[in-house]
1. Would you check if there is a residue in segment A:62-78 being under 20 Å from residue A:311 (Cα atoms) and at pLDDT below 95?
2. Considering every residue within segment A:186-194, establish whether at least one is open to solvent by 30 Å² or more (accessible area, probe 1.4 Å), away from chain B (no Cβ under 12 Å) and over 23 Å from the mean Cα position of the chain (by Cα).
3. For segment B:94-121, what are the residues that are open to solvent by 30 Å² or more (accessible area, probe 1.4 Å) and within 23 Å of residue B:161 (Cα to Cα)?
4. Listed residues A:264, A:269; which is free of Cβ contacts under 8 Å to residues at least 60 places away in the same chain and either over 30 Å from residue B:274 (Cα atoms) or more than 9 Å from chain B (Cβ to nearest Cβ) (or both)?
5. For residues in segment B:12-43 being in contact with a helix residue (DSSP H, G or I) (Cβ under 7 Å, 6 or more places away or on another chain) and open to solvent by less than 10 Å² (accessible area, probe 1.4 Å), which is farthest from residue B:328 (Cα to Cα)?
6. Mind counting the residues in segment A:74-88 that are surrounded by fewer than 23 Cβ atoms within 10 Å (Cβ to Cβ) and either among the β-branched types (Val, Ile, Thr) or within 18 Å of residue A:315 (Cβ to Cβ) (or both)?
7. Read through the list (1) free of Cβ contacts under 8 Å to residues at least 60 places away in the same chain; (2) within 11 Å of chain B (Cβ to nearest Cβ), then give the number of the only condition that residue A:154 fails.
8. Looking at segment A:63-103, which of its residues are of a type in the set (Lys, Arg) and within 20 Å of the chain's Cα centre (by Cα)?
Number of protein chains: 2
Amino acid sequence: MTRVAVVGATGVVGREMLAVLEQRAFPVGELRLFASARSAGARVSAFGREHEVRPAAPDGFRGVDLALFSAGSDAARALAPAARRAGALVVDNSSAFRLDPGTPLVVPELNGDELARHAGLVANPNCSTILLCLAVAPLHARAELRRVVVCSYQAVSGAGARAVEELREQERADLEGRTVEPRLFPKVLAHNVIPWVQGLLPDGYSVEETKVRDETRRILRAPELPVAATCVRVPVWRAHSEAVHAQLARALAPEEALAALEAAPGVRAWREGFPTPREVAGTDEVHVGRVRRDRALEPGIALWGVMDQLRKGAALNAVQIAERALGVGARA
Amino acid sequence: MTRVAVVGATGVVGREMLAVLEQRAFPVGELRLFASARSAGARVSAFGREHEVRPAAPDGFRGVDLALFSAGSDAARALAPAARRAGALVVDNSSAFRLDPGTPLVVPELNGDELARHAGLVANPNCSTILLCLAVAPLHARAELRRVVVCSYQAVSGAGARAVEELREQERADLEGRTVEPRLFPKVLAHNVIPWVQGLLPDGYSVEETKVRDETRRILRAPELPVAATCVRVPVWRAHSEAVHAQLARALAPEEALAALEAAPGVRAWREGFPTPREVAGTDEVHVGRVRRDRALEPGIALWGVMDQLRKGAALNAVQIAERALGVGARA
């Protein structure tokens, strides 16, 4: 049995981690839930009983085998070293260590072999990166990616529970004709789209767009791959979508691309119809549809990918990393 | 004074045409409003009084100088010939004549010179096309487009008044936890995005995506330009957005691109912040922000464009065509 700590247990991803551990019958011996001082004291249900959430602190990891972090970069930098020293495997969902050459950045279906060289710390990629990588890796394996243009349609739950509540309030106000003011986002999100995810950098790209490029290069082991992203928040509760236009080194017919996607673990290819966030929410796969010849990037493939960003984009991927690294759990 | 007929006067675009004519003090002598048999009999306010909407018929155009059509392709094919024979200039907002080599397809700021050769009929481009063309034409003029990838975020009002009402009902039901079923769209649009605008063709592209390519080539006089689009409906009331990634023949610095956009008529360039549909709705320009070096299409420029698709994307562009072709109106 595995002694598990979840850091950030009251957040949207933290709660999803607990749900995924339970659904996959992860062999949890002891469970310790941590959160910031602000959220500590809350009670969270998991594995059939209520757990008190304690304030996260460096001395809380004694005896822990696995520490799942989803508490932001500052908390990860402050607490992950202590968890590692205590002997735990840390799987961190923040961006703190994702570009650290000594830390594996892993999507188990794609580069799970890198878990062999972890030194107590594995980084979980950005959600938009996981969606993109799973959707294009089968094309890359067969025909080698040359350039990728990706435009995202990102759900509000990716910004946390308060953002979900803000959108709900904005929509109610908007439908009733009341004035709406933004709080968490720079503009109103209700009946709007916001091409600004996590702030803009001096070169005009957003932080999210830059993560998608840098992390995709690491995961696909294509350090020079040109990746241009436009990341956009949309008024969707759950599941991110991406329109992907990919240029390849060699021609790949849409039928070959579909066959490759069908054979890829973690991917569900749609030959008929197309996936949308509402129906993909709650599922474990990256759903890929609208596979077609790219009309601009030749030779190339255009496709439409959708993924529950809280599951495969965050909690599920983290638990899969743990299962494989520790050799435990349903899929061990 | 100009005798004006509006065909499709009860639709979302028809009503916007009346509003635009009034706001621009178009010299309307007589005004005749037409619609399908289903909508005929309705009363519509324009120029300070109520007008009865009559059923559209070929004999209704006698004495008309200008016939603004926004009634779909079938009605355009059935009625435009009669309107032309009656001596009217027809400006048609449907796709019926857009690819007809004998019919000018015009965005006045870009290829208004083609109005010199109209033979009583001018086609108004697709809304997504107008947005794209106004956003990239200044780049094309300076550095020559090589390829364009465009992903759209299209408002529900582009699908008509019933679609707006359906989204409103779906959102109310969703916020109250009631079951939601789609009617006009193939999937629920509330809290969702739908990568399907006007149906899919055998090659995997949608009708809308194909219009964007074919019409952009005509308007920019670039008949071979590779244009790959992914067109997506989003739960926004009004104003379309597009993420554009454009490869150019020659390098163009973002600063040069911004200067070119600032100098372009019909365009408002944002150096600070970024435009979103909520604030662009009701305005006349194409708003362009997030101008940056493209990270995948080199040399190239990436940008974010937003436009009220009922105004510049439809009604306003049609009225501007009429003003220029007839030499009348505020901007004559």
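The values are calculated or read from the model by the stated rules, or taken from the named source; none is laboratory data. Worth saying up front: this structure is predicted, and the values here are computed from it rather than measured. Methodologically, a virtual Cβ is constructed for each residue, glycine included, from the backbone with ideal geometry; neighbour enumeration extends over all protein chains shown. Accessible surface is based on the protein model in full, side chains and every heavy atom, while ligands, DNA and RNA are left aside. Shrake-Rupley method; radii C 1.70, N 1.55, O 1.52, S 1.80 Å.
1. no
2. no
3. B:95
4. Of the residues listed, the single one that is free of Cβ contacts under 8 Å to residues at least 60 places away in the same chain and either over 30 Å from residue B:274 (Cα atoms) or more than 9 Å from chain B (Cβ to nearest Cβ) (or both) is A:269.
5. B:34
6. Taking segment A:74-88 as the starting set, the residues that turn out to be surrounded by fewer than 23 Cβ atoms within 10 Å (Cβ to Cβ) are A:74-75, A:77-78, A:81-82, A:84-87.
Filter once more, keeping what is either among the β-branched types (Val, Ile, Thr) or within 18 Å of residue A:315 (Cβ to Cβ) (or both): A:75.
Counting residues in segment A:74-88 that are surrounded by fewer than 23 Cβ atoms within 10 Å (Cβ to Cβ) and either among the β-branched types (Val, Ile, Thr) or within 18 Å of residue A:315 (Cβ to Cβ) (or both) gives 1.
7. (1)
8. Correct list: A:77, A:98.
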